[in-house]
1. Could you go through the range 83-98 in sequence order and give the Karplus-derived ³J(HN,Hα) for each residue, using 6.51 cos²θ - 1.76 cosθ + 1.60 with θ = phi - 60°, rounded to whole Hz, and x for Gly and Pro?
2. Give the separation of the Cα centroids, the range 70-149 to the range 9-61, in Å.
3. Report the Rg/Rh value for the range 53-129, based on alpha-carbon coordinates and the Kirkwood definition of Rh.
4. Relative to the Cα centre, what is the charge dipole magnitude of the range 8-131, using +1 at the beta carbon of each Lys and Arg, -1 at the beta carbon of each Asp and Glu, and rounding to the nearest 20 debye?
5. If neighbour count is taken as other Cβ atoms inside 10 Å, put Trp20, Trp3 in order from fewest to most.
6. Can you pull the Rg over Rh of the chain, Cα-only, Kirkwood?
7. Against the longest principal axis of the chain, how steep is helix 16-32, in degrees 0 to 90 to the nearest 10, with axes from Cα atoms?
8. Could you derive backbone 3J(HN,Hα) for the range 38-55 from the dihedral phi with the Karplus parameters 6.51, -1.76 and 1.60 (θ = phi - 60°), listing whole Hz in sequence and x where the residue is Gly or Pro?
Amino acid sequence: MDWTKLFFSADGRIGRQAYWIGWLVLIGVNTLLFWVPFLSLVTIYCWICICSKRFHDMGRSGWLAAIPVTLSIVVPIGAVIAIAGAAIMSSLSGAAEGTIVATVMSAVAGSALLLLGAFFVGVGFLIWQGVALGEPGENRFGPAPTPAL
């Protein structure tokens with residue numbers, strides 16, 4: 001298995017076995033890099049590469065890999081902004097303390113539901129990519145992948 005091509009090239013196709021191997025390696029790397037946030041952000045490119053190649057194997061556009069990645073970045077940032085915005089707007093409006101707390105808790109609940117929805121979309125993509133069969137033979141993205149091991 002060519003590890004460089006697996007993690008740093010979005011061209012071509014990979015089968016389910018190579019996808020799961022790459023997925024597990026990236027989980028391990030992200031676990032080790034958890035304490036160094038900038039370095040763990042660099043692995044986003046590697047995730048996109050393995051997901052794109054897996055979608056290519058299924059005969060689909062690699063751009064589908066952008067959906068869970070975008071959700072995992074945009075939704076948490078939006079949740080924080082919504083909670084902070086609710087707190088700021090409530091306090092600026094001169095509302096009573098109980099009203100401010102209720103407004104912020106409402107924003108927290110809404111944000112939690114949004115995060116939960118994004119989580120389930122990500123899990124759905126993971127299962128779909130890891131379980132779906134690739135197209136047999138050659139497709140527009142290249143020849144069928146050879147077994148990883």
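1. Along the range 83-98, the couplings run 5, 5, x, 5, 5, 5, 5, 5, 6, 5, 7, x, 6, 5, 4, x Hz.
2. The two parts, judged by their Cα centres, are 19 Å apart.
3. Ratio of gyration radius to Kirkwood radius: 1.23.
4. The dipole of the range 8-131 has a size of about 420 debye.
5. With the sparsest Cβ surroundings first, the list reads Trp3, Trp20.
6. Value, to two decimals: 1.15.
7. With rounding to tens, the tilt is 40 degrees.
8. Karplus values, whole Hz, x for Gly and Pro: 4, 5, 5, 5, 5, 6, 4, 4, 5, 4, 4, 5, 5, 5, 4, 5, 5, 5.
Any read-out appearing in this document is the output of simple, stated calculations on the displayed coordinates, not a laboratory observation. Computed from a predicted structure; not experimentally measured. Virtual Cβ from ideal backbone geometry, glycine too; neighbours counted across all protein chains shown.
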